[in-house]
Amino acid sequence: MEKFFNVLLEFDKDKVHHIIKNTIEEHKKGYVCAIESNNLAVANKDKAFNKVVNGALVNVCDGSNIAWLLGKIHKRDFCSYIGNDLFCYFLNQRQYKQYFIGNTDEILAKLRQELSLIDSDIANMPFKSLPFRRVEDFNYSEIAEDINKYAPDIIWVSLGAPKQEFFMANLSPRINRGVMFGVGAAFNFMAKTGPVKRAPQWMRNLRLEWLYRAFEEPQKNVPRYWNFIKLLPRLVYGECKGR
């Protein structure tokens, strides 16, 4: 990984897959962060969060506009790797024991149903919701005990950023093995129920997925995008200066 905008990122998808698969095969552990505008902004304001994301096994760039901008600054061909696409990639491998945690019982029930159409074995894998509480208030020992009993290869975490990244960092020392992924709204997208949907393909092709999300959940996402936009000139200046 290389550091861009003060966060370590890996843009080579084959390397991302290799790192994750090797960790699983060697029965080791770690966590994966999908870096988009919100958690990139938080990582540049909160030292504790910056330490969390830079302590990840690997980070992918979950923002096509971020990848485009970095490509222009460094005159390199960068492509984003959206968290939902990474989720789909490993689901379609149909070979891993998986554990799904976070979100709501309603979303998880529909998610199990939809993912079982991809891999019938998923029907018998654990889907666990979590109570709504501060990230520091979870009973990590109890959560880890349940995960360790099942001994999954992959743990999918849907709590939203930056909460899920702190959650994975706190849980990591307590689990015996497995790669955790912070996938946020990917559970909602794949469950195909509720108000949160993924942007249509034509908007994704035009790098407008952020705009779709802004209209979809304006109270949540508009302030996040505005915080990133305010920070962007300083980030670009620092990146150009250190090029």
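No lab work stands behind these numbers, since they all come straight from the coordinates. The model shown is predicted, which means the values in this text are computed figures rather than measured ones. In this analysis, Cβ positions are derived from the backbone assuming ideal geometry, glycine residues included, and neighbour counts consider all displayed protein chains.
A few remarks follow.
- Qualifying positions in segment 77-89 - of a type in the set (D, E, K, R) and either in contact with a helix residue (DSSP H, G or I) (Cβ under 7 Å, 6 or more places away or on another chain) or in contact (Cβ under 8 Å) with a residue 40 or more places away in the chain (or both): ASP77
- Scan of segment 8-54 for residues that are closer than 19 Å to LEU159 by Cβ and of a type in the set (Val, Ile, Thr), ordered by number: VAL32, ILE35, VAL42, VAL52, VAL53
- Residues being in contact with a helix residue (DSSP H, G or I) (Cβ under 6 Å, 6 or more places away or on another chain) and among the aromatic types (Phe, Trp, Tyr) - total across segment 100-134: 1
- When the test is whether a residue is under 17 Å from PHE5 (Cα atoms) and of a type in the set (A, V, I, L, M), LEU206 does not pass it.
- Test: ALA151 is in contact (Cβ under 8 Å) with a residue 40 or more places away in the chain and either small (Gly, Ala, Ser) or under 24 Å from GLU36 (Cα atoms) (or both): yes
- Taken residue by residue, segment 140-148 has at least one member that is touching a residue at least 40 places away in the same chain (Cβ under 8 Å) and either part of a helix (DSSP H, G or I) or within 30 Å of ARG243 (Cβ to Cβ) (or both).
- The lone criterion from (1) among the β-branched types (Val, Ile, Thr); (2) touching a Ser or Thr at 6+ places or on another chain (Cβ under 8 Å); (3) surrounded by fewer than 17 Cβ atoms within 10 Å (Cβ to Cβ) left unmet by ILE107 is number (3).
- Qualifying residue in segment 202-222 (condition: surrounded by 15 or more Cβ atoms within 10 Å (Cβ to Cβ), part of a helix (DSSP H, G or I) and polar (S, T, N, Q)): yes
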